[in-house]
Every structure is written in C-alpha cells, then in structure tokens.
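What follows draws every value from the coordinates through simple rules; no lab data is involved. Computed from a predicted model, the values in this text were never measured in an experiment. Positions of Cβ are generated from backbone atoms using ideal geometry, with glycine treated the same way; all protein chains shown enter the neighbour counts.
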Amino acid sequence: MASVDVGVGLLGYGTVGSAVSRMLAESGDEIERATGHRLTVVRALVRDPAKEREFGAGDDVLTKDFAALRDDPRVDVVAEVMGGLEPAGDYVRELLRAGKPVVSANKQLVAREGADLFAVASDGQVKRIDQHPMANHPVTPMREPDLRRHLAAQTRTPIGLISTHTAAELNHQLEAGTQAILFDGADEQTLTTTGELLWHHVQQSPLFAIGSSGLTAALIPSWRTHENKSCHSDLDPELVEGEGEDPPHFARSGDDAPWTDRLDGAEDNPIQLSLSREKAQPLLVLSGSCSPVTAGQIQWALANGFHGIALDPSKLLNSAAEQARIQAAATASLAAGRSTILYTALGPPSKAVHGDDLGEALGNLLRNLLQTTPTRRILLCGGDTSSHAVQQLGLYALTWTAPIQAGAPLCRAHSDDPMLDSIELILKGGQVGTPNFFHAAQQA
C-alpha cells in the first residue's frame, strides 16, 4: 500500500509542540507502517523563530506569521499545542474557515468555546444570527444579535448595557432609570469584574440577576474573596446552580415557607449535597433541541451504544396510542440497562413544532418513565425542553452536584415526592457541549 504524505502544522513549538515534532520524526516509520501515512511537521507558528529549542525544527518550518501557516498548501492538518483561550481560539477559527482540520487537547478552549468551534467546523463559516439555526427556533427565535433590541420586542422596560465594567457606568445606568441592565462577558477578567460589581451592589439593595452558568462563574470569585458564606442567603437559590465549590444547603419547612440558607445541617428537610454516588446506569436523555450541536451529540451517542427512539411531535401530542408506544419502548430499553435517547429532531426541523405543548408533553413522558423504570439520571437537551420538563416534575430546588462540562453541571433534584427526590438532572442548552457529551454525562 502506497504511503500518503500528511503535512502537519503546529500552533506553538514550546515544550508540547517540540515533543510532538520529535515524536513524529522519531516514530515516523512506525506510524507509517500502522496507518499508511507519513506525518511531517512542515510549519510551526512561534513568537521567535530564532530562539534555541530542545528539539530543533527543519529549515523554514518556524514562522511568526500566522497567515504563512494558514495558507501553506503543504499543511493538511494543524495541531493546536499553544494552550489558553487566546490567541488559540482565534487561530483555530481562522483555520477552520480556511478548511484546515484542527486537532486540539486544549480543555479550556473546548469547554469555553467548543459549541462555537464545532459550529464553525460544520461548514467553515460563522453565521450572522439571522442565518443561524436560532433564527428559526420554534419557541424563541432570535434574529437580532443585540440583546437590547431583541428584548425590546418583548418588553417596554428600559434596557441598558454595561460595556466598560466600571462602578461609574453601573451607577450612571441606575441613576438614568434603567430597569434591566445587560453585562457583556467577553473573557475571564470581565466576568470577574462583573461579579464584583454585582456583589458590591447587592450589599446595598436587593438584586434580581438572570444568567447562564457564566453568572455563577462571575460571582464565585467574589464569594471566595469576601469569604462570607452567608452571602448566599440574599440571592435567589437559582443563582447557586452551576459549577462552583461550597454551595449552600437550601431548605424549606413547609409548602409556602420561604427559602432559608441552612449551613449547619439543621432539621426540616435540609438538602444534602453528597458527592458519593454511583455512576448512573442507565442514562435517560430527552431532547427537544433543534440545534446542530445537539444533533451531532445524538448521532455520536447512537454510534456508540446508546439506544435512540425518534419522536414525531404531532403524533406525540395527538395520539394516545403513540404515547403508549413510546412509553413502552423507552421502558423496555431502560429496563434492559440501555442508555436511551428520546429525540424530536436531528437539527433544524423541516416543519413547525409545537413549542410549549411539546415541552409539557415531554415533561409528562419523563414523569411517567420515572414511575416505571429504574433510571435516576436524566439529561434534558434544549432550554425550552428543560424548563417545561422541570415544571412538570414539580421540583422545588436543584443543587449543584458535580461538573460535567461548562454550562451543564450535574444537579440533584429536590421534591416533596419521594419518587422524584434526589434524582439527578443535567439541563443542557442546545448549543452546549462536545460531541461525546452524552457519554460524559453518563459517566460523571
């Protein structure tokens, strides 16, 4: 079999990059015998090509010009070995747009920007929001990237934007009567600064804050800095759902009792956050997401041992016989110990779906399955699917249990219904997670 030459580009040529280059050079014959490919480093992006290195590169391999690597026709694949978020993220996007495959073990980059990178890789383009699948979302379509304009179509409440992340700007917005304020979170520093601004403000007056897990990521550094565990009692319990340490134990003493922050293990149904748990077998996945990212995750899972049951939304809503069929098929699969995916779409739907009604139907289906199967861990895919399904379960709290991937932690549910109390939930937005996310959720 004739060998195929593969030109490798490296983003970075430090300790890891030079080790990769050495391995490809010293093990080239063995790799070629095993794969039929001869891998050779032909370009490597560095800050200083003249710097001495432990394992030297060939002539004209090192360059400080990114375009020289990106546009080099000899480069068939690029390995990102520089680490960090930037400039690695921008370089990877540019390479994907240029049609260059990229290999990376950069956990930070994949966790933070994986959804965007996978979307770019799907067709090499970053789409305007009106060309993105979210533009045709069946329940919450979004065609305007400026959230102020997008939300203005839903409310007359004055909406402001914090861009400089200073106390003076926040005070100016508040003094001007702005009732809803958006914070741009571009990087770690802006998240930290936002958390400080919010924490300082909440010491003076009550604050209602809404956000993804980025909100939790912004607040945690402030909580740690101020070393005041009782701070959580001033915040809505939903704010502590996310990836962090030392979450409080919320409890309530009656159906209409207010939330209390219980850090002393008191009575009256305190929530226990035990991390000692068995791996979930099997995992039940309910997906109402139309995202291409979730579609890729479903396809990966189906190719790696998960059992899939496709749902027709119209039949699910209008046919008792179809509901019974799905219930029976899912019950049999889960009872056999198979991780099972119930999904309404693989990417953008070809016809209209049914929004709130579909979410409620999926929630009812989930509740019925929990009554008839041994499953205790559930992954819900899609923001609307998650919100409707959780409402149907009638839970009164979710508490953080363990990290899985950014934006989608493992949580423990709390309910007055013993059947539902302590089930494990992962609420995943459509655009969140790597292709193997379902496997990660099952193994966490």
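Things to note:
- Mean-position separation - Cα centroids, region 79-104 and region 375-405, in angstrom: 33 Å
- Fewest-first ranking of VAL4, VAL432, using other Cβ atoms within 10 Å as the exposure measure: VAL4, VAL432
- Ranked TYR343, TYR396, criterion: other C-beta atoms within 10 Å, fewest first: TYR396, TYR343
- Over region 4-123, the ratio between the Cα radius of gyration and 2.2 N^0.38 Å evaluates to 1.03.
- Annotation: amide H-H contacts under 5 Å for ARG377 (H modelled 1.01 Å from N, sequence separation of 5 or more, or interchain): LEU284, GLU424.
- Shown in residue order for region 158-172 are the 3J(HN,Hα) couplings computed by the Karplus curve 6.51 cos²θ - 1.76 cosθ + 1.60 at θ = phi - 60°: x, 10, x, 9, 9, 10, 8, 6, 10, 4, 4, 5, 4, 4, 4 Hz (x for Gly and Pro).
- Principal axis box of region 1-75, alpha-carbon based, largest edge first, Å: 39, 27, 18
- Across region 283-443 the C-alpha pair distances fall into 5 Å bins from zero in the proportions 2, 9, 20, 24, 23, 15, 5, 1, 0 percent.
- Here's how it looks for VAL78: its modeled amide H is under 5 Å from those of GLY9, VAL102, VAL103, which are all 5 or more places away or on a different chain.
- Taking 0.36 nm per residue of separation and subtracting the current Cα-Cα distance, fully stretching the chain between ARG33 and ALA335 would add 104.2 nm.
- Net charge, SER287 excluded, C-beta distance under 12 Å - Lys, Arg +1, Asp, Glu -1: 0
- Close amide H contacts of LEU39 (hydrogens built in the peptide plane, cut-off under 5 Å, sequence separation of 5 or more or a different chain): VAL6.
- Modelled FRET efficiency - R0 60 Å, GLU54 with ALA320, Cβ distances, 0.05 increments: 0.30
- Scalar couplings 3J(HN,Hα) for region 90-101, obtained by applying the Karplus form with A = 6.51, B = -1.76, C = 1.60 to θ = phi - 60°, are 5, 5, 4, 4, 4, 5, 5, 4, 7, x, 8, x Hz; x denotes Gly and Pro.
- Neighbour-count order for LEU219, LEU85, fewest beta carbons within 10 angstrom listed first: LEU85, LEU219
- Given R0 = 56 Å, the distance between the Cβ atoms of GLU175 and ALA105 translates into a calculated FRET efficiency of 0.70.
- ³J(HN,Hα), Karplus 6.51/-1.76/1.60, whole Hz, each residue of region 214-226, x for Gly, Pro: x, 5, 4, 4, 6, 7, 4, x, 5, 4, 5, 4, 7
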